[in-house]
Amino acid sequence: MAPRGGKLDIDRFMAVLTEASVQWQAPVITFIANRGATPFEILVSTLLSLRTKDEVTSAATVRLFAHARTPAALLSLGESKVAQLIYPVGFYPTKAKRLIDISRILLEHAHGEVPDHMEGLLALPGVGRKTANLVLSEGFGTPAMCVDTHVHRISNRIGFVRTRTPTQTETALREKLPRKHWTRYNELLVAFGQTICRPVSPFCSRCPVADMCPRIGVTTSR
């Protein structure tokens, strides 16, 4: 096993990952956002991505958005058609119902517009803090701290935070991570976690930030 890294410099950590990330595939929601997706499309895509592989999410969004890109259009499809289009994303029957319910709520109470604030997003069915933060960040360009399993795991592995849950990690990062890094932090760590910093036996031998990482909790690596 290679020597463990030293003190973490978060600015250099972000700079190195930014340079290395050109070799990695962007997370699916970032990819969709970079194509000019609307906040509604970001919201729908994020909900579809929960517990679903990126390639499955990407294909499902292409099928769904070919038929509907607005709350009104989606609502007109009906629940069974939406379920058919998004299959085989995880929990597709439940997600189809939620997308119909959300579309109805947006049309009845928000003139078809996705809320641009945390409280409004959290009031929508099936929307938690991770989804809300991703919509704010990728859909509205608002600095937001989106924490998924990759962000939670890697933030602790590099010793930047010491937390037990993603919610605790979000709170800790809001206090410690410079605001200029908030949006890119999620994008970079998700791609990093999918390619190099894997949950089990990460590729430490080809990690671009190995010299800064104490590898907390890592027992085996490649």
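Coordinate-derived values only; no laboratory data. In this text, all values refer to a predicted model and were calculated from it rather than measured experimentally. Virtual Cβ from ideal backbone geometry, glycine too; neighbours counted across all protein chains shown.
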A correct fewest-to-most ranking of Lys95, Lys53 by other Cβ atoms within 10 Å would be Lys53, Lys95
Taking max minus min of the Cα coordinates of segment 167-212 on each principal axis, largest first, gives extents in Å of 31, 20, 18
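Pairs on different chains or at least eight residues apart, Cα atoms closer than 22 Å: how many lysine pairs in segment 75-222 fit? Walk me through the numbers before you get to the answer.
Values: Lys81/Lys95; Lys81/Lys97; Lys95/Lys130; Lys97/Lys130; Lys130/Lys176; Lys130/Lys180.
Total qualifying Lys-Lys pairs in segment 75-222 comes to 6.
Pairs of alpha-carbon atoms within less than 8 angstrom and 6+ residues apart define the contacts here; what relative contact order does segment 1-75 have, in percent? Can you show the working numbers first?
Numbers: 24 pairs, mean separation 18.3, N = 75.
Taking the mean separation of contacting Cα pairs over the length of segment 1-75, I get 24 percent.
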For the chain, the longest principal axis of the Cα atoms and the Cα long axis of helix 10-20 enclose an angle in degrees, to the nearest 10, of 70 degrees
Under the rule rounded for a/c under 1.5, else prolate if a/b exceeds b/c, else oblate, using alpha carbon gyration tensor axes a ≥ b ≥ c, segment 70-128 is classed as oblate
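List Arg104, Arg206 from most exposed to least, where exposure is judged by having the fewest other Cβ atoms within 10 Å.
Values: Arg104 15, Arg206 11.
Taking fewest neighbouring Cβ atoms as first place, the list is Arg206, Arg104.
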Counting only DSSP loop positions in segment 145-222, the chymotrypsin sites (Phe, Trp or Tyr not before Pro) whose Cβ has at most 13 other Cβ atoms within 10 Å are Phe203
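Once you compute Rg and the Kirkwood Rh from C-alpha atoms, what is the Rg to Rh ratio for segment 92-215? The partial results should precede the final answer.
Numbers: Rg = 16.8 Å, Rh = 16.0 Å.
Using only Cα positions, Rg/Rh for segment 92-215 is 1.05.
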When the charge dipole of the chain is computed with +1 at the Cβ of Lys and Arg and -1 at the Cβ of Asp and Glu, the Cα pointing farthest to the positive end, of Gly36, Ile105, Thr183, is that of Thr183
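Below 8 Å between Cα atoms, with a sequence gap of 6+, how large is the relative contact order for the chain in percent?
Working: 293 pairs, mean separation 60.2, N = 222.
The normalised contact order for the chain reaches 27 percent.
Kindly state, as a whole number, the per residue volume in cubic angstrom of the convex hull around the alpha carbon atoms of the chain. Can you show the working numbers first?
Values: hull volume 25.8 nm³, N = 222.
Spread over its residues, the Cα hull of the chain gives 116 Å³ apiece.
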Rounded to the nearest 10 degrees, the helix 182-195 long axis (Cα) sits at an angle to the longest Cα principal axis of the chain of 80 degrees
For segment 1-78, the Cα-Cα pair-distance distribution in 5 Å bins from 0, as whole percents, is 3, 13, 19, 17, 14, 10, 8, 7, 5, 3, 2, 1
Here segment 97-136 gives, from Cα atoms, an Rg and Dmax in Å of 9.4, 25
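If a/c stays under 1.5 just call it rounded; otherwise compare a/b with b/c (prolate if a/b is bigger, oblate if not). Do that for segment 28-140, with a ≥ b ≥ c from the square roots of the Cα gyration tensor eigenvalues. The partial results should precede the final answer.
Details: a/c = 1.42, a/b = 1.10, b/c = 1.28.
In terms of gyration-tensor shape, rounded.
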